[in-house]
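One structure below.
The values are calculated or read from the model by the stated rules, or taken from the named source; none is laboratory data. The structure presented is a predicted model; accordingly, all values stated were derived computationally and were not measured. Virtual Cβ from ideal backbone geometry, glycine too; neighbours counted across all protein chains shown. Side chains are part of the model used for accessible areas, which takes the heavy atoms of the whole protein and leaves out ligands, DNA and RNA. Shrake-Rupley method; radii C 1.70, N 1.55, O 1.52, S 1.80 Å.
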Amino acid sequence: MIPPSVQTLCRKFNRFDFPTKTITILCYGEYVPHYKQHYTCVERKPSSIDAASICTKHDKKGAFRCYEGFRNSSVVSEQKVRSRMEDVVFCGWPERVFNPIMDLQGFHRIKSLTIEYSHSEIILDFPEMFYLQTINISWTNLSHLGSQKTFKKIHALKIVDLRWNKLMQLDPLLLPPTFEHLYLGGNPWNCTKNFKWLLVPEKGNYVADRELLVCADRKYKDRNVTTVMNYKVMLRNACQSHEDLKNCSCSMHHIIPKTHLPLYTVNCSHLGLHFLPAFLPENTTTLFANNNKITDISPLRNNIHYRYVVDVHLDNNMIETIDVLEGGYWLDHFRLLSLKNNKLKKIPVYALDNALDDNANANLLLLSMNPWYCSCKFGMRFREIVIKYNDILRDAWNITCTYKQDEEEKMSTIMAITREDVCKPKNESKIHVLDWINGALAIMILLILAKLGYDYYHYKNYGRVPWIVMKLP
């Protein structure tokens, strides 16, 4: 029976290249060569077998297979038996650690060693051996090797097979000059670690199945290991080649599944920069430039390298205005812009309103900890924008604004400010211009009514009409 991990790999890769060609495993209709039957644990020990037949010698040539460790002393304990063995197979090694120094003691002439279906780790280096050519450690819980020198003293070693284990990281091994092939497929590789040595010819060419290695970590899951490492090397070279990025750190944060396009992050924070970098690697989508002395953000609009940088972090700088972004491509397509703790007092609110209204990609805009000054016109319009896009301006309740009231400067959160606060001084007279006009009109009406009464009185008593009547034609 093939373990589930093997079945999964077969479905994923659909092929393998094994060193020998006798027993086969079916993968999507293809026959995959495996090690010779005497060299594997393909036929697992039945549970009914007694302890006396756990270790078995298979032929005169020295093929030897053990299940669950050395339980049969009559077969294993004799020095003569061990010294003649050439092919040794351990199936289901019971101990937590496989100690090659102790457990291979006496096996002076073995040419191949197989350890399968084991829960053991190998934390010690192999002792000096002169005949061992092939090591197969597969379908075990092996998660790491003790050191880079684990196999260095095996002078005739040609093949090491470490497939279908639990290896997540592996440093380049120090191997003897006779070495030919290293097999690493089927392990849950963590590609956030450094595997760039796979791309170095004198180290990586030994890995016969390196093009089949797949990442299992959350960040690069199901991506090819060599592809991920190639992108990392390309990014490192691009960042090191430009003076503006000399002290910045560059990293790959994602690979798009369908297109396999890498997305990069550049971090230039805490470097005392006065300007944004003039160059960014292709496919950079995130820039961190916090805690610098940057005043000018015009590259976001004018520099082609920033066209697809959708996340920009510019906290704790000296930016006084973002007017230059008005009407530009970047403001209409950004995803995240953080401008906390800068020198902003006003922004073009109408341009920001239009940009946020048209930009379906906008997710986060942070503007708190700036010295905002709210005049009557700007303060009310700014407050409307903050309320309208509260799901994007998520630090709205931390945005504070300074305003004047009765020649006294006051401060309030933009969400709590009112029109009376910013549009009318506290001690301003309550009688406005319209009130004066209305009063004047009322007085005029009263005067007209008084004149009308006066004329009526004189006409009735004296028959005298108003002088204006005498002037009418």
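Within the range 69-90, take every residue that is surrounded by 15 or more Cβ atoms within 10 Å (Cβ to Cβ) and farther than 20 Å from Ile135 by Cβ and give me the one that is modelled with the highest pLDDT.
Selected residue: Val81.
Take the residues in the range 342-362 that are within 25 Å of the chain's Cα centre (by Cα) and farther than 20 Å from Asn303 by Cβ, then tell me which one is most open to solvent (accessible area, probe 1.4 Å).
Restricting to residues being within 25 Å of the chain's Cα centre (by Cα) and farther than 20 Å from Asn303 by Cβ, the top hit is Ala360.
Do you know which residues across the range 174-183 are open to solvent by 20 Å² or more (accessible area, probe 1.4 Å) and under 16 Å from Asp209 (Cα atoms)?
Once the filter is applied, which keeps residues that are open to solvent by 20 Å² or more (accessible area, probe 1.4 Å) and under 16 Å from Asp209 (Cα atoms), the range 174-183 yields Glu180, His181.
Kindly evaluate Ile399 against the criterion of being farther than 20 Å from Asp323 by Cβ and open to solvent by less than 50 Å² (accessible area, probe 1.4 Å).
no
Going by what's in this entry, would Tyr231 be described as within 14 Å of the chain's Cα centre (by Cα), within 30 Å of Leu174 (Cβ to Cβ), open to solvent by less than 50 Å² (accessible area, probe 1.4 Å) and not small (Gly, Ala, Ser)?
no
I need the full set of residues from the range 197-213 which are part of a helix (DSSP H, G or I), within 15 Å of Ile159 (Cα to Cα) and within 28 Å of the chain's Cα centre (by Cα), in order please.
Of everything in the range 197-213, those that are part of a helix (DSSP H, G or I), within 15 Å of Ile159 (Cα to Cα) and within 28 Å of the chain's Cα centre (by Cα) turn out to be Gly204, Arg210.
Residues being touching a strand residue (DSSP E or B) at 6+ places or on another chain (Cβ under 6 Å) and in a loop (DSSP other than H, G, I, E, B): count how many of those fall in the range 152-167. Quick ask: steps written out before the conclusion?
Quick first cut of the range 152-167, residues touching a strand residue (DSSP E or B) at 6+ places or on another chain (Cβ under 6 Å) only: 154, 159-164.
Checking the rest, the ones that are also in a loop (DSSP other than H, G, I, E, B) come to 162-164.
Number satisfying all stated conditions: 3.
Out of the residues in the range 258-274 that are touching a residue at least 24 places away in the same chain (Cβ under 8 Å) and open to solvent by 60 Å² or more (accessible area, probe 1.4 Å), state the one that is farthest from Cys239 (Cα to Cα).
If we take residues in the range 258-274 being touching a residue at least 24 places away in the same chain (Cβ under 8 Å) and open to solvent by 60 Å² or more (accessible area, probe 1.4 Å), then His260 is farthest from Cys239 (Cα to Cα).
Being buried (at least 17 other Cβ atoms within 10 Å of the Cβ) and at negative phi is the filter here, so list the residues in the range 154-165 that pass it. Walk me through it before giving the result.
The initial filter retains those residues of the range 154-165 that are buried (at least 17 other Cβ atoms within 10 Å of the Cβ), namely 154, 157-165.
Passing the criteria: Ile154, Leu157, Lys158, Ile159, Val160, Asp161, Leu162, Arg163, Asn165.
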